[in-house]
Amino acid sequence: MRRSDEEHLWEAAGYLPFSRAKIGSFFQERPVLKNPFLEDALLRGYLRRHLPQEVRRRKACKKKQRVANEVDDWGRECEVTPPRLVHFDPWGRRVDHIVTSPAWKHMKDLSAQEGLVAIGYERSFGEWSRVYQMSKLYIFSPSSGLYTCPLAMTDGAAKVIQSIGVSWPTDEAYSRLTTRQPDRFWTSGQWMTERQGGSDVGSGTETVAVPQTDGSYKLHGFKWFTSATDADMTLTLARIQDRTGATTPGSRGLSLFYAEVSRDEEGRLKGIEVQRLKDKLGTRQMPTAELLLDGLQLSEEGRGVASIANMLTITRIHNSVSAAAAMRRVVQLARDYATRRSAFGKPLKDHPLHIQTLARMEVETRGAFLLVMDVCRLLGREESGMATQLDTHLLRLLTPVVKLYTGKQAVAVVSEGLESFGGQGYIEDTGLPGLLRDAQVLSIWEGTTNVLSLDVLRCVARSSGMVLHAYVTHAKVQGASSVSSLAPAVKAVNSALSELEDFVQVAATRAPGYLELAARDLAYSLARIYTGALLIDHACWKGASPSDTYAALRWCEHDLCPVATKQARGCYDPSTPPLDAALVYDRPV
Ligand code: UCC
């Protein structure tokens, strides 16, 4: 080959031409996303075990393959083409357009067609409708480009409207939220957070609702985090002003409002101004904004928090589904990669320490999946009128537990998963780092870990301990097994349950601050013990595999009841808070 004049020039200048650079011929194969349904032994076993045959027949595999082929590409497009805010049109008119990618719009149509919200309300599969719906969302979620966020809020809004009673003006909204027709389908926002409070909604909400002569209200306020701001409607909280302009402070002063997001003939948003889009660590695919709005009253006056709690239950369950799904996705990619990547003379899959690490991730993922699906099962039972009182208590207790536990697990497992790709796990255009950035929000929005731990305490107190009684009764039944290979796991669950009961007895005699300090560990204990019981139960099923048994045994090697362990160490004693504070604010002497 003739060398170009340019090459001669570079050489004369002392540089080696690129043609001689030793870049070698090796290119690492990338991890391949296969059919996420066929690749998920636990999901398939769980559905085979629990879903009626009629439901399973409809769960065609072809659609799951579509997730790997087409939908995942849309999800990636949502990530690389994030929404942007156009404040003004070319002629200077304020328009506040949130411009989203075509892929984001495809996600909306797909969600309607697949009935990702509708299934929960059609209830064609009775008590199993929620498990069916959530298992579809579980497959969809990691490829959805975060479209699961608007879907969570849409589902929550439909639930709130249904629980309050579907009548004017929300009947049309309800039918649009739960339709399968893409051209009619609406999504909803849940605009709660203000500058003073995302967690302490009761004292942080400043938005006021001013009564109008036609019986409607104008809302004036500043919503600080409004996720999926391109929604068609929203539910939001505000304080109703009386004739003198006074409002009731605290949670009892909050009412729930419904608002449609619409535009006037000139394309301007009616009653809403979008201040700016948020610059977030992750979930960049989804528009989150600061804005002002006006709307119509929906709840009974002063019942805003209680009314929106139904929405929180649904969005927290969706959050948990997304958490389990994120773990499953990274495990699927990591185990595929381990067959394609070689180091130190052999494929990663032949390095026992690497496989042990993947197996630990798998155990965490299985635990999360079973815990989430059990909560979906309980929700389905409640909504189909099949729930016993024990089921209702369990659902109330386990909703914050599953959300807080899986949110944290997802961050840990996804982070571990990225490590299994080496440096490539840290490179943006592999699409892998986004998994971690998006997982990080799961423990933050819809109630942080500590806020939810306190919610656990509150529901125990408000039910006079009935939710705990239901928990212990159910976990014991689930944990009983005659399969000898599971004996160590059964023993671990039962002794952890006894420790938990002992903890509760002791804690009940202590000052109130004692329980508050124990709240997070208590919630973790509830999650770990119950999950252990579920893994054992699944491993006892006649169609279970040796892997199901192995996973149950490994899970139960955890400290299942950290709250008892820490109680024994005096971690919640009255001296702890001052010592914690001294440590946190330690200064050089
Ligand atoms: O907006 C956000 C981002 C949106 C993105 C969503 C995407 C999700 C997608 C996931 C898939 C990828 S984040 C907003 C985050 N903020 C929160 O989640 C709020 C966190 N704070 C709490 O949860 C607090 O505990 C509050 C706000 C509920 C505390 O308020 P109060 O007023 O102090 O609460 P109370 O007094 O405990 O309860 C008031 C009423 C009571 O009913 P009544 O009056 O009948 O006794 C409670 O029983 O509300 C009822 N209630 C509940 N009911 C309170 N919490 C619950 C609950 N969890 N379940 C049932």
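Numbers below:
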quantity: Spin-label model distance (nm) - Arg84 vs Arg263, 7 Å beyond Cα toward Cβ; calculated: 1.7
quantity: Extension gain from Glu557 to Ile427, taking 0.36 nm per residue of separation minus the Cα-Cα distance; calculated: 43.3 nm
quantity: Local electrostatic count at Ile536 - Lys and Arg +1, Asp and Glu -1, tallied over other residues with Cβ under 15 Å; calculated: +3
quantity: Excluding exposed DSSP-loop GluC sites (Glu not before Pro) (at most 11 other C-beta within 10 Å), longest clean stretch of the chain; calculated: 267-589
quantity: Amide N proximity, the range 155-177 versus Ala309 label position 7 Å along Cα-to-Cβ, cut-off under 16 Å; calculated: 160-161, 163-164
quantity: Neighbour cut-off at most 13 other Cβ (10 Å), DSSP loop, trypsin sites (Lys or Arg not before Pro), the range 235-325; calculated: Arg243, Lys270
quantity: Difference of contour (0.36 nm per residue) and Cα-Cα distance, Arg48 to Arg30; calculated: 3.3 nm
quantity: Gyration tensor (alpha-carbon) shape descriptor, the range 130-215, a/c threshold 1.5; calculated: oblate
quantity: Trypsin sites (Lys or Arg not before Pro) within the range 537-589: DSSP coil, no more than 15 neighbouring Cβ in 10 Å; calculated: Lys542, Arg569
quantity: Karplus-derived HN-Hα couplings along the range 449-455 (A = 6.51, B = -1.76, C = 1.60, θ = phi - 60°), whole Hz, x at Gly and Pro; calculated: 4, 6, 4, 6, 4, 5, 4
quantity: Segment Leu281-Arg252, extension gain: residue separation times 0.36 nm, minus the distance between their alpha carbons; calculated: 7.0 nm
quantity: Förster radius 35 Å - calculated FRET efficiency between Glu273 and Ser203, Cβ distance, rounded to 0.05; calculated: 0.90
quantity: Rough spin-label spacing in nm, given labels placed 7 Å along Cα→Cβ, for Arg243 and Ser482; calculated: 7.5
quantity: Separation of alpha-carbon centers, the range 161-217 and the range 392-437, rounded to whole Å; calculated: 30
quantity: Loop chymotrypsin sites (Phe, Trp or Tyr not before Pro), the range 493-589 (other Cβ atoms within 10 Å of the site Cβ: 16 or fewer; DSSP); calculated: Trp541, Tyr585
quantity: Separation between Cα centres of the range 496-518 and the range 229-283, rounded to whole Å; calculated: 41
quantity: FRET efficiency for Val472 and Ser163, using Cβ-Cβ distance with R0 set to 45 Å, rounded to 0.05; calculated: 0.95
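Just so you know, all these numbers are worked out from the coordinates, no wet-lab data involved. This is a predicted model, so every value here is computed, not measured. A quick note on method: Cβ atoms are made from the backbone with ideal geometry, for glycine too, and the neighbour counts reach across all protein chains shown.
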